[in-house]
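Shown next, in structure tokens, is the structure this report addresses.
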Amino acid sequence: INNNSTSFSFMTLKGKGYVINPASDDILYASSGNGNGGYIATLDPLTGVGTNLGPSLFTALKSIAIHPTTKVVYGLFNSAVSSTIVRVNAEKGDAYSLFSIPISNLTSLVFDTSGVFYAFATDGKLFELSLPDGNYTELPTIQINIASVTVNPQNNEFWASRFALAGTNIDKIYKISVLTGDTLF
């Protein structure tokens, strides 16, 4: 801080630091919605029982994804006008804003096996996100409405659950191509 005042002698600065601990191998992580105050939890794969790590500091994280090499957990918080990508401390569950983008209907985050970061919107729009700066590129639209997406770590195939409120299309699973937007039921 530079100044030219002869009477100014000091300024008190306060700050808060945080640590983003990476995810542990062989642990399933989950995020909760408004009903559980936006907590981050671990899940027992045998019983499905969740154990809260702590509050994310957001009312709800819609989706979380773990980078395949750094093991950093990223989360998605939506507002009426934008979506915020956060980094999550995998030990305590607290999350901190990284960047926001002006797209409000994102529903799922996923990394492919090489670490490319994708965000999917409920209307099938697909974006590649750049870490850590928040630049994004729109890719071909997926031909279905999206509820959630995951990647098979064995072969890098993308699998999506279809978003439908009711009817015969509810709960269908599709393979999807991020290169063309094509789907296979």
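Looking at the range 133-153 only, could you name the residues that are assigned to a loop (DSSP other than H, G, I, E, B) and modelled with pLDDT of 95 or more? Show your work before the answer.
So in the range 133-153, the residues assigned to a loop (DSSP other than H, G, I, E, B) come out as 133-135, 140-145, 152-153.
Asn135, Pro140, Thr141, Ile142, Asn152 - these are the residues of the range 133-153 that are assigned to a loop (DSSP other than H, G, I, E, B) and modelled with pLDDT of 95 or more.
Total residues in the range 119-132 satisfying the condition of being within 15 Å of the chain's Cα centre (by Cα) and either in a strand (DSSP E or B) or of a type outside the set (Ser, Thr, Tyr) (or both): the figure is 9. Test Phe163 against the criterion of being over 22 Å from Ile27 (Cα atoms) and modelled with pLDDT under 95, and give yes or no. So Phe163 fits the description; yes.
Could you tell me which of the residues Ile85, Ile103, Ile20 is under 14 Å from the mean Cα position of the chain (by Cα), in contact (Cβ under 8 Å) with a residue 40 or more places away in the chain and on the phi < 0 side of the Ramachandran plot?
Working: Ile103 fails: in contact (Cβ under 8 Å) with a residue 40 or more places away in the chain; Ile20 fails: under 14 Å from the mean Cα position of the chain (by Cα).
Result of the check over Ile85, Ile103, Ile20: Ile85.
Does Ile1 satisfy the criteria of being farther than 24 Å from Asn152 by Cα, open to solvent by 40 Å² or more (accessible area, probe 1.4 Å) and not hydroxyl-bearing (Ser, Thr, Tyr)? Yes, satisfied. Within the range 162-181, residues that are free of Cβ contacts under 8 Å to residues at least 12 places away in the same chain and of a type in the set (D, E, K, R) have Cβ atoms under 9 Å from residues that are open to solvent by less than 70 Å² (accessible area, probe 1.4 Å) and not in a loop (DSSP other than H, G, I, E, B) in these pairs: Asp171/Ala147; Asp171/Ser161; Asp171/Arg162, counting only partners at least 6 apart in sequence or on another chain.
In the set Leu109, Leu126, only one residue is closer than 30 Å to Gly17 by Cα, in contact (Cβ under 8 Å) with a residue 24 or more places away in the chain and open to solvent by less than 50 Å² (accessible area, probe 1.4 Å); that residue is Leu109.
Among Pro132, Pro140, which is open to solvent by 20 Å² or more (accessible area, probe 1.4 Å) and closer than 15 Å to Ala65 by Cα? Spell out the reasoning first.
On the way: Pro140 fails: closer than 15 Å to Ala65 by Cα.
Answer to the selection: Pro132.
The residue that is modelled with the lowest pLDDT, among those in the range 166-185 that are open to solvent by less than 70 Å² (accessible area, probe 1.4 Å) and among the β-branched types (Val, Ile, Thr), is Ile170.
Residues that are at pLDDT below 95 and open to solvent by 40 Å² or more (accessible area, probe 1.4 Å): does the range 59-77 have at least one? Scanning the range 59-77 turns up at least one residue that is at pLDDT below 95 and open to solvent by 40 Å² or more (accessible area, probe 1.4 Å).
In the range 33-54, the residues that are surrounded by 14 or more Cβ atoms within 10 Å (Cβ to Cβ) form Cβ pairs under 7 Å with partners that are basic (Lys, Arg) and in a loop (DSSP other than H, G, I, E, B), at six or more places apart or across chains, as follows: Leu53/Lys92; Gly54/Lys92. Residues in the range 82-104 that are at pLDDT 95 or above and either basic (Lys, Arg) or surrounded by fewer than 15 Cβ atoms within 10 Å (Cβ to Cβ) (or both): Ser82, Arg87, Lys92, Ser97, Pro102.
The values are calculated or read from the model by the stated rules, or taken from the named source; none is laboratory data. The shown structure was predicted, so the numbers you read here are calculated from the model rather than taken from an experiment. Note that we place each Cβ from the backbone using ideal geometry, even for glycine, and neighbour counts take in every protein chain shown. These accessible areas exclude ligands, DNA and RNA; they are computed on the full protein's heavy atoms, side chains included. Shrake-Rupley method; radii C 1.70, N 1.55, O 1.52, S 1.80 Å.
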